[in-house]
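Enquirer: Have a look at this one.
The values are calculated or read from the model by the stated rules, or taken from the named source; none is laboratory data. No experiment lies behind these values; they were computed from the predicted model shown. A quick note on method: Cβ atoms are made from the backbone with ideal geometry, for glycine too, and the neighbour counts reach across all protein chains shown.
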There are 2 protein chains.
Amino acid sequence: MSLLVIGTLAYDNIETAHDNRTDVLGGSATYCSIAASHFCEPRLVGVVGEDFRDEDITALKASGVNTAGVEVAAGKTFRWGGRYEADWNTRHTLFTHLNVLEHFDPKVPEDFRSSKFVFLANAAPGVQSRALDQVEHPSFVMADTMNLWIDIARDELVGLLKRIDAIVLNDEEARMLTGENNLIKAAGQVLGLGPRFVVLKKGEHGAFIMGSDMHFSLPAYPVKNVIDPTGAGDSFAGGFMGYLALVGAHDPVHLRQAMLHGTVTASFCVEDFGIEPLAQREKAELDSRYSDLLGIVTV
Amino acid sequence: MSLLVIGTLAYDNIETAHDNRTDVLGGSATYCSIAASHFCEPRLVGVVGEDFRDEDITALKASGVNTAGVEVAAGKTFRWGGRYEADWNTRHTLFTHLNVLEHFDPKVPEDFRSSKFVFLANAAPGVQSRALDQVEHPSFVMADTMNLWIDIARDELVGLLKRIDAIVLNDEEARMLTGENNLIKAAGQVLGLGPRFVVLKKGEHGAFIMGSDMHFSLPAYPVKNVIDPTGAGDSFAGGFMGYLALVGAHDPVHLRQAMLHGTVTASFCVEDFGIEPLAQREKAELDSRYSDLLGIVTV
């Protein structure tokens, strides 16, 4: 079935303890789409500036992403700069230039509106809601968010939570949203706000999904050489949602399998800068890691 | 089969953000034995002072622990005081009074020496080695250690690693022993020092076991109300080793199952102070949590 991905496209400046890169193609919807493209033809909705490179649109298309919903607006593409500490656990935002994102009003193309699976990548909850308004009868909608929106747009976010099937949060966001330090309790409280499922990401410690009668926990894939964690969360969401769209299902068994697929796509993402490590993988390589991961968790 | 547990018996003073306790029966071998007693009749070797309470020996015996190897020495029982931060991640040692432990020379009773499964709970590596010297033909020996010994007795510890089948370390200890931040790499380096398996504990993030051709990862059991984490690691080891002793096997399949049993015994341990929350459980309660945990990790 069809997957609609709405979010940001960006150029990132990334500093790690080992290396630096400038003007790397990034953004939440970019990473998610590339990851999902291993499973389906994701439909991408976002905005870029006039400086967006043709080769980057070409790269997205070459990966099988439908870019018909990428709007080119007057001005510059969204830019983000960040620096990671050597232990990867701490990320400092060096700058955020919203540029064309500042006035982004998502327009879902007519022939994208019947999409059954929808991922609302990180954006202001108001933007996410306006995008969702344009989708006709979605089967399964998952949203991402970030600490900024929990801080400055909590009411809109809580409103959105009542309209979606699943929310993906990292540990810090879950604690911030609920004020609860215990992640199991925090996830339970988020469920009380409306969504049927909470996907809680814990970085190197893996992730779990919780629903009213479901709890499934998974370690991270044991990546030996992390080069750049940017986009890992979005790549997880892309593998997760791409797989659900592929099978056209969102029952507990397929949700569990989707957690493995998301973990695998995220594991490739962090092995180099940008989308290349994920875009260049063959399906057989993903399948091989899926088998490895299954071996690591099977009792 | 038989399980021999060698380590400390102690009286602990424990401070948490919610409550305090003094003179709580504790110690590495105590927690391990109580956990293992749900699976087999552990043989306990350790030393206590003349102040050790009769009721505590009675409690150990009532749980099915063979206390014939508990030596009563002139002086006071080992005492430890600690305080936990509200997030449980930070533990401060308030005091350590070695007392009778200072001159502890383990004496394994004659009829314990044929034990097939051996757990060398946290003690000086020299003490652990001298205990192991007295065991005739063990099938599977696991040892625990701590940052202190990595710091002041590294050579003895490295020597011990060549003589044992498995070492259990927490994340901090693994990083300290190897100088490697990535836990997967750190575990691989520990394997290079001699043991066939490394069990790496990550607290609320679960644990993994790694061997030359084995890697199994498991989340922690989702405990909703942690009251006191003291003894969790030793309770894990007790469930792990007790189960292996019960089945008389240490092949990869049983090692994976042992990881679940250890996780379950640790989950009961943290639900109150001391050994009571673990000692008072019926086997059916352990089985129920084992099933829950299996449900949480089964794809």
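Enquirer: Give me the residue from the stretch A:15-37 that is closer than 20 Å to A:TYR84 by Cα and within 18 Å of the chain's Cα centre (by Cα) and, out of that set, surrounded by the most Cβ atoms within 10 Å (Cβ to Cβ).
Expert: The selected residue is A:TYR31.
Enquirer: When you scan the stretch B:67-104, how many residues do you find that are at positive phi and among the hydrophobic types (A, V, I, L, M, F, W, C)?
Expert: Taking the stretch B:67-104 as the starting set, the residues that turn out to be at positive phi are B:75, B:88, B:99.
Now restrict to residues that are among the hydrophobic types (A, V, I, L, M, F, W, C): B:88.
Final tally of qualifying residues: 1.
Enquirer: Could we say that B:ASP155 is in contact (Cβ under 8 Å) with a residue 24 or more places away in the chain and farther than 25 Å from A:GLY295 by Cβ here?
Expert: It is false that B:ASP155 is in contact (Cβ under 8 Å) with a residue 24 or more places away in the chain and farther than 25 Å from A:GLY295 by Cβ.
Enquirer: Give the stretch B:156-197 a look and list any residue that's more than 13 Å from chain A (Cβ to nearest Cβ), surrounded by 22 or more Cβ atoms within 10 Å (Cβ to Cβ) and more than 20 Å from B:ALA124 (Cβ to Cβ), or say none.
Expert: Within the stretch B:156-197, just B:PHE197 meets the criteria.
Enquirer: Okay, moving on. Among the residues of the stretch A:254-285, which ones are within 24 Å of A:GLY27 (Cβ to Cβ), within 14 Å of chain B (Cβ to nearest Cβ) and of a type in the set (A, V, I, L, M)?
Expert: The answer is A:ALA258, A:MET259, A:VAL264, A:VAL270.
Enquirer: Also, I was wondering about something else. Please work out which one of (1) closer than 30 Å to B:HIS137 by Cα; (2) in contact with a Gly (Cβ under 8 Å, 6 or more places away or on another chain); (3) not in a strand (DSSP E or B) is the condition B:GLY64 fails and give its number.
Expert: Among (1) closer than 30 Å to B:HIS137 by Cα; (2) in contact with a Gly (Cβ under 8 Å, 6 or more places away or on another chain); (3) not in a strand (DSSP E or B), the lone unmet condition for B:GLY64 is (2).
Enquirer: While we're on this one: Has the stretch B:100-113 got any residue that is at pLDDT 95 or above, farther than 23 Å from B:GLY75 by Cβ and surrounded by 14 or more Cβ atoms within 10 Å (Cβ to Cβ)?
Expert: yes
Enquirer: If a residue has to be within 16 Å of B:HIS261 (Cβ to Cβ) and either among the charged types (D, E, K, R) or more than 9 Å from chain A (Cβ to nearest Cβ) (or both) to count, how many in the stretch B:214-230 make the cut?
Expert: Here the count works out to 1.
Enquirer: A further question on this structure: Within the stretch B:198-207, take every residue that is at the interface with chain A (Cβ under 8 Å from one of its Cβ atoms) and touching a residue at least 40 places away in the same chain (Cβ under 8 Å) and give me the one that is nearest to B:GLY262 (Cα to Cα).
Expert: Across the stretch B:198-207, the extreme among qualifying residues is B:GLY206.
Enquirer: Please determine whether any residue of the stretch B:248-266 is part of a helix (DSSP H, G or I) and over 26 Å from B:PHE140 (Cβ atoms).
Expert: The answer is no; no qualifying residue exists.
Enquirer: How about the stretch A:216-247: which of its residues are part of a loop (DSSP other than H, G, I, E, B) and of a type in the set (S, T, N, Q)?
Expert: Within the stretch A:216-247, A:ASN225, A:THR230 meet the criteria.
Enquirer: Among the residues of the stretch B:245-252, are any of a type in the set (D, E, K, R) and in contact with a Pro (Cβ under 6 Å, 6 or more places away or on another chain)?
Expert: no
A quick yes/no check of all residues on (1) buried (at least 19 other Cβ atoms within 10 Å of the Cβ); (2) in contact with a Phe, Trp or Tyr (Cβ under 7 Å, 6 or more places away or on another chain); (3) at pLDDT 95 or above:
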| site | (1), (2), (3) |
| --- | --- |
| B:PHE216 | yes, yes, yes |
| B:LYS224 | no, no, no |
| B:ALA237 | yes, yes, yes |
| B:ALA245 | yes, yes, yes |
| B:VAL253 | no, no, yes |
| B:LEU260 | yes, yes, yes |
| B:THR263 | yes, yes, yes |
| B:ASP292 | no, no, yes |
| B:GLY295 | no, no, yes |
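Enquirer: Pick from the stretch B:38-53 the residues that are within 21 Å of B:ASP133 (Cβ to Cβ) and touching a residue at least 40 places away in the same chain (Cβ under 8 Å): which of them is farthest from the chain's Cα centre (by Cα)?
Expert: B:VAL47
Enquirer: Starting from residues that are closer than 24 Å to A:ASP19 by Cα and part of a loop (DSSP other than H, G, I, E, B), keep the ones in the stretch A:70-85 and report whichever is farthest from the chain's Cα centre (by Cα). Let's see the steps before the verdict.
Expert: Taking the stretch A:70-85 and keeping what is closer than 24 Å to A:ASP19 by Cα, we get A:77-85.
Cutting the leftovers down to part of a loop (DSSP other than H, G, I, E, B) gives us A:77-78, A:85.
Values: A:THR77: 19, A:PHE78: 17, A:GLU85: 22 Å.
The selected residue is A:GLU85.
Enquirer: If you don't mind, another one. Please tell me if A:ALA131 is touching a residue at least 12 places away in the same chain (Cβ under 8 Å), among the aliphatic types (A, V, I, L, M) and in contact with a Gly (Cβ under 8 Å, 6 or more places away or on another chain).
Expert: Here the answer is no, as A:ALA131 does not meet what is asked.
Enquirer: Which members of the stretch B:224-240 meet the condition of being charged (D, E, K, R) and over 9 Å from the mean Cα position of the chain (by Cα)?
Expert: Result: B:LYS224, B:ASP228.
Rundown of residues vs (1) closer than 15 Å to A:LEU3 by Cα; (2) touching a Leu at 6+ places or on another chain (Cβ under 6 Å), yes/no style:
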{"position": "A:LEU132", "(1), (2)": "yes, no"}
{"position": "A:ALA143", "(1), (2)": "yes, yes"}
{"position": "A:ASP151", "(1), (2)": "no, no"}
{"position": "A:ASN170", "(1), (2)": "no, no"}
{"position": "A:THR178", "(1), (2)": "no, no"}
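Enquirer: Of the residues A:LEU286, A:LEU260, A:LEU191, A:LEU246, which single one is over 29 Å from A:ASP12 (Cα atoms) and either touching a residue at least 40 places away in the same chain (Cβ under 8 Å) or aromatic (Phe, Trp, Tyr) (or both)?
Expert: A:LEU246
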